[in-house]
Structures are given as structure tokens and as C-alpha cells.
1. In Å², what does the accessible area per residue of the range 128-192 work out to with a 1.4 Å probe?
2. Could you tell me which helices of the chain pass both thresholds, a Cα extent of 30 Å or more along their own axis and a mean Kyte-Doolittle hydropathy of at least 0.0, with helices taken as whole DSSP H runs?
3. Tell me which of TRP189, ASN51, PRO148 sits at the most positive position along the dipole axis of the chain, charges placed on C-beta atoms (Lys, Arg +1; Asp, Glu -1).
4. In whole percent, what relative contact order does the chain give with Cα contacts below 8 Å and a gap of six or more residues?
5. Does the chain come out rounded, prolate or oblate, given a ≥ b ≥ c as the square roots of the eigenvalues of its C-alpha gyration tensor, rounded meaning a/c under 1.5 and, failing that, prolate meaning a/b above b/c?
6. For the range 93-163, what is the convex hull volume of the alpha-carbon atoms per residue, in Å³?
7. What is the Cα centroid distance between the range 40-99 and the range 134-192, reported in whole angstrom?
8. Place +1 on the Cβ of every Lys and Arg and -1 on the Cβ of every Asp and Glu in the chain, take the dipole about the Cα centre, and give the residue among GLN126, LEU14, LEU83 whose Cα lies farthest towards its positive end.
Amino acid sequence: MTFARLFLRGIGRLFRIYDDRDAEEHLSLLEGSYDPEEDREALAALPDRKNILPACMDRRPLGRRALKAILARMAPRNRVPRLLQATLELDRISRRVRFPEIPEPVREMFCDCNPPVPILLAIYQQGDAIETCFDDESQSMLEQTPEPWPLIPFNGTDPKSTKLAFGCLSGALETLAAARRVLDLVPGWEAIQRKRQRP
């Protein structure tokens, strides 16, 4: 549970992820749009809110000090401390990135856009309530143009603003690289390999 929260928080600071909070929001939207009398079957078919997260995720995550104390007592070659150390590093890298505030006129340009497409679907087992909500919601994700993300505004005539923007971009890319290093340590995880087409 501590690993999942740290990992998702590390990526979620900079990029949109689809997790239990999105599933909860989607279920609330559906429940609000159905008529309790006329749509009983549709309401009954919705995933149970109590089952969105596994029971272990209801526990309080370990704080950074407690986690570091536990890691200090574990054998360095053990896979668990390596995984958690990599996750702490992801958290540290993403904390350093501070996107400039997006000016209101720029924000208004995207008011008719859909939310950004998530870069990660965080499910806990195949076919769980989160995946079910995502599958339902994803059918309309591209009906409107999705908002680009991350948005990093800058003034191209101002060297300081430009340097800050490229620093943010660098931090975002470092965060993705750190997330990949974490995933490489997760047992059973395999990257999707795309076959190159010959010209």
C-alpha cells in the first residue's frame, strides 16, 4: 500500500493518472444521471464503491521516516528495498518540479477540451471496478480534443522564463525515467514492445 501510494503520487504530481479517485468520480456522475425508479437495472449494474480498492489500501501508508527506518534494516540485495528506494527516488524527483502557473487566458483556451488523456491506468487486479470505470469512460475520451498535459507556459522573449520552462520539461522527463526504473523492478511487469516496421 505504501509503495502504491508513493508511486502514484510521484507520477500524479506531473501527469494525469486514472485511479480510484477517477473511478469514484465517474460512478458519482453516472449515479447522478440515472433515475432511481426508471434506471434500477443500470444502477444495480454499476461497480460497488466498497470494492473499488482492495482492503489493504484502506490502511494508512508509512511515513518517510518509518519507511527509511525499515529499509535500513533490510538486506540491500533484497528486491523489496530496491523497489522502495527507487520509488522514494521517483517521489523526490517529482517533488522538485514546479510548473509555472498557467495564465487565465491560456486556461480559458482549453475550457472546451476534455481532460488530459491519462498516461497510467492504476488497477489492482484485472477487471476490477477501476478498470470497469475506465473502459466505460474511455469510450468518450476522444470525442472532444483532450487537453495537452503538462502545460508549461513561458515567455520566449524572456531568457529566465525560457530556462525555467525547459527546467520543468527536464524534470518531467526525469520523472518518467524514474517511473520506468521503478517498473523495471516490479515482478512480472513487462514493457510493451512495439515491432518496428521495415520501410
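1. In whole numbers, the range 128-192 has 63 Å² accessible per residue.
2. 159-185
3. Checking the options against the dipole of the chain, the answer is TRP189.
4. Averaging sequence separation for qualifying contacts and normalising by length gives 34 percent for the chain.
5. oblate
6. With only Cα atoms used, the range 93-163 gives 126 Å³ per residue.
7. Answer, in whole Å: 20.
8. The one lying farthest along the dipole's positive direction is LEU83.
The values are calculated or read from the model by the stated rules, or taken from the named source; none is laboratory data. These numbers were taken from a predicted model, which means no experiment stands behind them. Heads up, the Cβs are rebuilt from the backbone with ideal geometry, glycines too, and the neighbour counts pull from every protein chain shown. The protein model used for the area step is the full one, side chains on, heavy atoms only, and it has no ligands, DNA or RNA in it. Shrake-Rupley method; radii C 1.70, N 1.55, O 1.52, S 1.80 Å.
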